[in-house]
Amino acid sequence: MRWWDIEAVLELERELFPYDAWSPALFWSELARARGPHATRRYLVAENGEGRVVGYGGLAAAGGTGDVQTIAAARDHWGTGLGARLLTALLTAATDFECREVLLEVRVDNDRARRLYERFGFEAVGLRRGYYQPGNADALVMRRPADPAPDPAPGPAHDPATDPAPEHQGTTTHG
C-alpha cells in the first residue's frame, strides 16, 4: 500500500466497516511505519484488472509477534479466494519479520472471516468485550504460529518483486 492507495482503501473501509472504520490518520500513521530499514508494518492492496482497489491488509510486528491489523475484500470479490491470498501475504510478511506467532481480532459475529482464519490454523485464545466501537461488538482473539505457514489459498499470493504480472482471479496485490 502506498499513500495514493489510501483514498480508495478508505472508501472500501467505510463500505465494509461502517461503524468502526479506520480514519485517514490511522492509515497514514501505519504507512509511516511500513517503510525503511526499521519498518515494523507491512500493508498491501489488491487491485482488479482495471486498477480498482478490491482488497487490502496490514500486519504489525513487534517482539516476535505479528498482529493482523486489518484485512478486507470488496463484497464483489467475496468467495474468489482474495481474502486467503491477502492473509497468505500477511503471514509471509510475519515470517519476513521473524515473528514466532501471529495474532488477530475478529468480530464474534463475522463467521466468514472466522472460517478463513481457522482454515489457516488460527485458534481462539480470548475474547475482548466491547472491542469494536462505537457498536460495542466483542472481538475474538485468535492466534497461530507464524512459521511454517500453510497455504490453503486457491491461488498463489502475489509478490510483485518476484511475480510482476499475476493473473489469478483478475487481482494483483502490491505493498
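The values are calculated or read from the model by the stated rules, or taken from the named source; none is laboratory data. Not measured: the values here are computed from a predicted model. Every residue, glycine among them, receives a Cβ derived from its backbone with ideal geometry; neighbour counts consider all protein chains shown. In case anyone asks, the SASA skips ligands and DNA or RNA and just uses the protein heavy atoms, side chains included. Shrake-Rupley method; radii C 1.70, N 1.55, O 1.52, S 1.80 Å.
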**OP:** Scan region 16-28 residue by residue and report those that are surrounded by 11 or more Cβ atoms within 10 Å (Cβ to Cβ), free of Cβ contacts under 8 Å to residues at least 40 places away in the same chain and of a type in the set (A, V, I, L, M).
**Re:** Ala21, Leu26
Subject >> Only one of Ala146, Ala137, Ala153, Ala60 that is surrounded by 16 or more Cβ atoms within 10 Å (Cβ to Cβ) and modelled with pLDDT of 95 or more >> reply: Ala60
Original post:
Does Leu31 meet the test of being more than 22 Å from Ala139 (Cα to Cα), open to solvent by less than 60 Å² (accessible area, probe 1.4 Å) and at pLDDT below 95?
Top reply: yes
**OP:** Keeping to region 116-134, report how many residues are modelled with pLDDT of 95 or more and part of a strand (DSSP E or B).
**Re:** 7
Subject >> Selection from region 34-46 of residues that are modelled with pLDDT under 95 and among the charged types (D, E, K, R) >> reply: Arg35
Original post:
What are the residue pairs meeting all of these: first residue in region 56-85, first residue within 12 Å of Leu116 (Cα to Cα) and of a type in the set (A, V, I, L, M), second residue assigned to a loop (DSSP other than H, G, I, E, B) and open to solvent by 30 Å² or more (accessible area, probe 1.4 Å), Cβ atoms under 7 Å, and 6 or more apart or on different chains?
Top reply: Ala84/Pro152; Ala84/Pro154
**OP:** Go through Asp159, Asp163 for me and flag whichever is under 15 Å from the mean Cα position of the chain (by Cα), assigned to a loop (DSSP other than H, G, I, E, B) and modelled with pLDDT under 95.
**Re:** Asp159
